[in-house]
Amino acid sequence: HMFDRVALAGMGDEALVSALTAATRAEATAAAERLALIGEVVARQCDDEDDTSAHQVIDGWAWAQAAVAAACNLSPRAASKQMRIAQALRDRLPRTAALLASGTVSATVIDAITWRTHLVEDPDALGLIDTAIAAEAGEYGAHSEKALIGAVDLWVEKFDPDAVVRSRRAAKDLYVEFGDKDDPNGVA
């Protein structure tokens, strides 16, 4: 294997950093390929379903979730998250998806971008947000998570202020309720 300790010890500092840069880019490109495949699995199971029969969509999602979980060695919940990211890249953020495919941004950055844009419903606004983010996302990896979220939120707020309002409303409406001690086991 090229990266055993002996081979690494024989590399100069510049070659080592160059190999690390190439490996990081390859990792992002591989993530893009994996997410494109996941997106296709989801599309085949869910896109062609008749929207009037919600149970078919749910069945399609459940089938895709099971397939993705098995193929990627993930829990069902983790598989579902990857499916949502894959859908966003495939259907909502093509320019941002291209950055991952080229290795310009990491899967971690993509995760944050897809989550912070998930409430945008207006297709025109989404196109503008995708374009704006793609123009600067190459710099996002160096940001802290808070700064990254702020950078994405700036574009969401500019092009779809309603999405920000929906996000704040959803956060405000979160609540926790504790069950009564007399409730049956497992009920809360």
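Taking into account only those residues within segment 115-174 that are farther than 24 Å from Gly103 by Cα, in contact with an Asp or Glu (Cβ under 7 Å, 6 or more places away or on another chain) and at pLDDT 90 or above, which is surrounded by the most Cβ atoms within 10 Å (Cβ to Cβ)? Ranking the qualifying residues of segment 115-174, first place goes to Val120. Of the residues making up segment 1-16, those that are modelled with pLDDT of 90 or more and either of a type in the set (Gly, Ala, Ser) or open to solvent by 100 Å² or more (accessible area, probe 1.4 Å) (or both) number 4. Applying the condition of being under 8 Å from the mean Cα position of the chain (by Cα) and open to solvent by less than 60 Å² (accessible area, probe 1.4 Å) to segment 84-108 and asking which residue is farthest from Leu148 (Cα to Cα) yields Ala86. Are any of the residues in segment 48-61 touching a residue at least 24 places away in the same chain (Cβ under 8 Å), open to solvent by less than 20 Å² (accessible area, probe 1.4 Å) and either on the phi > 0 side of the Ramachandran plot or in a helix (DSSP H, G or I) (or both)? Within segment 48-61 (the criterion being touching a residue at least 24 places away in the same chain (Cβ under 8 Å), open to solvent by less than 20 Å² (accessible area, probe 1.4 Å) and either on the phi > 0 side of the Ramachandran plot or in a helix (DSSP H, G or I) (or both)), the answer is no, since none of the residues qualifies.
The values are calculated or read from the model by the stated rules, or taken from the named source; none is laboratory data. It should be emphasised that the depicted structure is a prediction, and the values quoted were computed from it without experimental measurement. Positions of Cβ are backbone-derived with ideal geometry, glycine not excepted, and every protein chain shown enters the neighbour counts. Ligands, DNA and RNA are stripped out before the accessible areas are found, and what is left, the full protein with its side chains, is counted by its heavy atoms. Shrake-Rupley method; radii C 1.70, N 1.55, O 1.52, S 1.80 Å.
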